[in-house]
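The numbers here are math on the coordinates, done by the rules we state, and not lab data. These figures come from a predicted structure and were not determined experimentally. Methodologically, a virtual Cβ is constructed for each residue, glycine included, from the backbone with ideal geometry; neighbour enumeration extends over all protein chains shown.
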Amino acid sequence: MFKGFTRFLHSPGEQLKTLLDPQESTTNALSPRNIPRSEHPVSRQHISDAALKVLYRLSGAGYDAYLVGGCIRDALLGKMPKDFDVATNATPEQVRDLFRNSRLIGRRFRIVHVRFGREVIEVTTFRGKPQDEHGDHIAHQSDEGLLLRDNVWGNIEEDALRRDFTVNALYYNIADFSITDFANGAKDIETRTLRLIGDPATRYREDPVRMLRAVRFAAKLDFTLDPATEAPMYDQAPLLLQIPPARLFDEVLKLFMSGHGLVTFRMLSHYGLFGMLFPEAEEAMADAAWAEELIEQALTNTDKRIAEERPVTPAFLLAAFLWAPVKQRQEELEQEGMPAIPALQAAAQQVVSRQLEFTSIPKRFGIPMREIWELQQRLPQRRGKKAFQTREHPRFRAGYDLLLLREQAGEIPRGLGDWWTAFQRGDEHEQRRLLQKVGGDPASQGDGRRKRRRKPRATE
């Protein structure tokens, strides 16, 4: 698939140097530079058939059509692009008219999704700079600078300046296969630097999620944040509280489910961003030394599973992130006299209710998360048939994995995890031996229920 790409991969820095004028002034960083096909490695072989269909149909209808952003950045880094975004001068309605398999989405930013089976090509119209004559239904900004609506169409030069990072302002033209670099993004790829376009403080106020994107890209690409891009993040982290919880949940998935979760978590904590997403977890880490270790272990395991292409679920990570505050609240309720199981259920409800103010948790993840927590109460109960019943629970494996993490983090003593490990691996004889160690053998316990004595019938 990457035929003809080898020379570039062996020395990408040297190849990229030929694309730039070494005498170019840094003050002219936003001057566009055209890189002809002969001077870059991006080929149609690296572009999905679906993306090519969109590009060619737009071009054939007389519109400009460009691949833009991460797919071009990744190709220049020697990575196989996975997602393809298209930018065009066609309006969303014009794009929709061209593609039956498309739909308009979004109010804040109107874009078009063109679906080909499982693959979705995102098509955006060139955006321009809002002017005074534009009404609130087209462009609207809050008093704090947050962009609430931005549907002003412009040209490609204006669109490039509205993009977040220099490395994402690279446009691949399907008409002649050239790349236009509007913000010295190729140079930043060479030096592995992540740099915002424009004044960072202003850009973060426009969309605070850019801080999360900066961390995600830096962790994913192993880039260094430009000092000017990094500096405002410490003070502007609370701006994330303006973002709707549903949008932040989508960002959480991107942050922690891409295979670089541990590095991402440490960067988020460093800039004070993690507490804006998971305040209860942040507070618990300050009170319990094991809480942070448990999260890091969970992320380490998740990163490993993703690297091995094994399945992962957000429900488990969420259970690990919020377990410490749930446990702390449970202990407080038990001290007030509430029994253990009701205390756990009440604590879970309180923690989740507060979490939903910051990031939403869909039911498809929230219900399994609670079941993983409830299993922490059931796993120590192994008498009679309880061990077999617990093992058959649909969330047993996730509950068992959390138990192991709790032991590794130092929350609870080791031992119970080893017992369950042996119980799963053992044959029937070994399982009976293990059950006898905790005083329960199902063979001698019947069905575990006491038989009631019948009262003798009265005789006349």
Discussion item. On a full-extension model of 0.36 nm per residue, what is the gain between Q377 and A289, subtracting their alpha-carbon distance, rounded to one decimal in nm?
Written reply: 29.5 nm
Worksheet item: What number comes out for the charge environment of V312, summing +1 per Lys or Arg and -1 per Asp or Glu over other residues with Cβ under 12 Å away?
Response: -1
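Relative contact order for the stretch 278-439 using alpha-carbon pairs under 8 Å, separation at least 6, rounded to a whole percent? List each step's numbers first, then the result.
Numbers: 130 pairs, mean separation 39.6, N = 162.
Relative CO of the stretch 278-439 lands at 24 percent.
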Worksheet, complete the sentence: Candidate cut points under GluC sites (Glu not before Pro) in the stretch 274-381, DSSP loop plus at most 12 other Cβ atoms within 10 Å of their own Cβ, are E308, E309, E336, E357
Worksheet entry | Length-normalised contact order of the stretch 33-191 in % [C-alpha pairs under 8 Å, at least 6 apart] | 26 percent
Response to the item:
The FRET efficiency for K82 and Q242, from their Cβ-Cβ distance with R0 = 30 Å and rounded to 0.05, is 0.50
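Could you compute the net charge surrounding A340? Neighbours are other residues with a C-beta less than 12 Å from the C-beta of A340; K and R count +1, D and E count -1. The partial results should precede the final answer.
Details: positive: K327, R378; negative: E331, E334, E374.
Once all neighbours under 12 Å are counted, the net charge is -1.
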Item to complete: Find how much the distance from K129 to F116 grows on full extension, using 0.36 nm per residue of separation minus their present alpha carbon separation; answer in nm with one decimal.
Response: 1.5 nm
Discussion item. Of H46, A61, V86, which is farthest towards the positive pole of the stretch 44-95's charge dipole, taken about the Cα centre with +1 and -1 on the beta-carbons of Lys, Arg and Asp, Glu respectively?
Written reply: H46
Worksheet item: Between A288, G415, M338, whose Cα lies farthest towards the positive end of the dipole of the stretch 278-439 when Lys and Arg beta carbons carry +1 and Asp and Glu beta carbons carry -1, centred on the Cα centre?
Response: G415
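At 0.36 nm per residue, minus the direct Cα-Cα distance, what do R364 and E309 gain on full extension? Give it in nm, one decimal, please.
Details: separation 55, 0.36 × 55 = 19.80 nm, distance 2.18 nm.
That works out to 17.6 nm of additional length.
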Practice prompt. Of the listed pairs K79/K129; K79/K187; K129/K254; K220/K304; K327/K385; K327/K363, which have alpha-carbon separations greater than 24 Å here?
Written response: K79/K129; K129/K254; K327/K385
Worksheet, complete the sentence: If each part is reduced to its alpha-carbon centroid, the stretch 307-372 and the stretch 210-263 end up apart, in Å, by 23 Å
Discussion item. Tell me which GluC sites (Glu not before Pro) from the stretch 381-430 have a DSSP coil assignment and no more than 14 other beta carbons within 10 Å of their own.
Written reply: E392
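First measure r as the distance between the Cβ atoms of R432 and K254, then evaluate 1/(1 + (r/R0)^6) with R0 = 51 Å and state the FRET efficiency to the nearest 0.05. Write out the running numbers ahead of the final one.
Working: r = 47 Å, r/R0 = 0.93.
The calculated FRET efficiency here is 0.60.
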Worksheet, complete the sentence: Placing each pseudo-label 7 Å from Cα in the direction of the beta carbon, R425 and A175 end up separated by a distance in nanometres of 6.5 nm
